[in-house]
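The structure under discussion appears below in the form of structure tokens.
The values are calculated or read from the model by the stated rules, or taken from the named source; none is laboratory data. If you're wondering where the values come from, they're calculated on a predicted model, not measured in any experiment. Positions of Cβ are backbone-derived with ideal geometry, glycine not excepted, and every protein chain shown enters the neighbour counts.
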Amino acid sequence: MGVTLHESRDAFLLVLMACAFVLEAETGKCLQQGGCLGITPATTYVKPYFMTYINHSLMIVLLVPYLLKHLRHLNYEGPLPESYLWRPCLLLSLVFFVGDYSWYLALPHTSVAEGTAFTDSVCVFSAMLSFIFLGEVLTLQTVSSVFSVLAGLAILLWSDLNERGLGAEEVYKHTTANLLAINTALCYAIYEVGFAKAVHKDDTFLTTLTACGMVSFWNIVMMPFGLLVVASPLFSSDSWLHETFVLPSPLQFQVLLLNACCSSAFVVLMLLCVLLTTPTQVAIGCALEIPIAAVADIALRGHVLSPVQCLGATAIVAGFVMITKKA
């Protein structure tokens, strides 16, 4: 049987989602470590909490269609159909902020490719949570896809660690960063499954935009207090969590805005894919970020994959193909 129009659409959206995440990761890495887009090691902006806050706040513009719809229905009896999302989006906002904050904490201490590999363990968490809370059937196709992705991740990580030669302190930082990336994966899985659980089956693209806007609204309202916490004496100056607020320079602000736009595109595409497919399919689709990041490394840094790394990337792509091709 040939590939259907819906399968082609879903695969295309998953690829776009993965590309948006890689762009977000690369711009975030650049902003915190320099080396591209005019950012040098002397002009980096290592403010993970503020970066997360800005990224999530920008999505407030996605609430505009919902507000316009509300203005056109001032005499509408009862709440608008999307109004039921306000309460679940409050919880989703907290989970998503923790996940992205963990990601930006980890990013200066690991490579984009390796950090992305650990976040792509989301497919395991998503499959388990979907089975428990959504009643999603774990078919042989789904399980095979998950194992194919995990095998690819293991190969890539084994290759990466064997190329390193880290000292004890670097190993500690590297391990902590990878644990934070795994926490990001867990939060993303909860976010995806929570959204799938909250939305109605007949909801539309407007629902996705509205949910993103509501998450952003709660972020703007609740998260500013955290800037005071991370700048407080609770954390020593050398702690990863310590962060003093400094306004970005014009160049830093441009890169920060680009990073936020990429983040917003990723979130919208992720939730749209959840609406059209399942959280498990979306999570496995996220694994495409690793081969895409590898291509970006070749294009931007001239880093060519080794044969072992090519094998790992191939296993990941195979898992993606299996999950997007419906039985």
Task: Members of region 249-275 that are surrounded by fewer than 18 Cβ atoms within 10 Å (Cβ to Cβ) and within 27 Å of SER232 (Cα to Cα) - done: SER249, PRO250, PHE253, LEU257
TODO: Looking at (1) surrounded by 15 or more Cβ atoms within 10 Å (Cβ to Cβ); (2) closer than 30 Å to TYR172 by Cα, find the lone condition where GLU192 falls short.
DONE: (2)
- [ ] Would you check if there is a residue in region 247-260 being more than 20 Å from the chain's Cα centre (by Cα), polar (S, T, N, Q) and within 30 Å of THR176 (Cβ to Cβ)?
- [x] yes
Open item on the list: Name the residue that is modelled with the lowest pLDDT, counting only residues in region 123-157 that are among the hydroxyl-bearing types (Ser, Thr, Tyr) and surrounded by fewer than 15 Cβ atoms within 10 Å (Cβ to Cβ).
Closed with: THR139
Task: Count - residues of region 233-267 that are in contact with a Cys (Cβ under 9 Å, 6 or more places away or on another chain) and without any contact (Cβ under 8 Å) to a residue 24 or more places away in the chain - done: 0
- [ ] Answer yes or no: is there a residue in region 38-58 that is more than 30 Å from PHE235 (Cα to Cα) and among the hydrophobic types (A, V, I, L, M, F, W, C).
- [x] no
Task: Checking SER236 against (1) modelled with pLDDT of 90 or more; (2) farther than 30 Å from SER8 by Cα, the condition it does not meet - done: (1)
Task: Residues satisfying the stated conditions in region 1-36, i.e. in contact with a Ser or Thr (Cβ under 7 Å, 6 or more places away or on another chain), hydrophobic (A, V, I, L, M, F, W, C) and surrounded by fewer than 22 Cβ atoms within 10 Å (Cβ to Cβ) - done: ALA11
TODO: Inspect region 71-88 for any residue being modelled with pLDDT of 80 or more, aliphatic (A, V, I, L, M) and surrounded by 15 or more Cβ atoms within 10 Å (Cβ to Cβ) and give the result as yes or no.
DONE: yes
Open item on the list: I'd like to check something: does region 27-38 contain any residue that is out of contact with any helix residue (DSSP H, G or I) (no Cβ under 9 Å at 6 or more places or on another chain), small (Gly, Ala, Ser) and not in a loop (DSSP other than H, G, I, E, B)?
Closed with: no
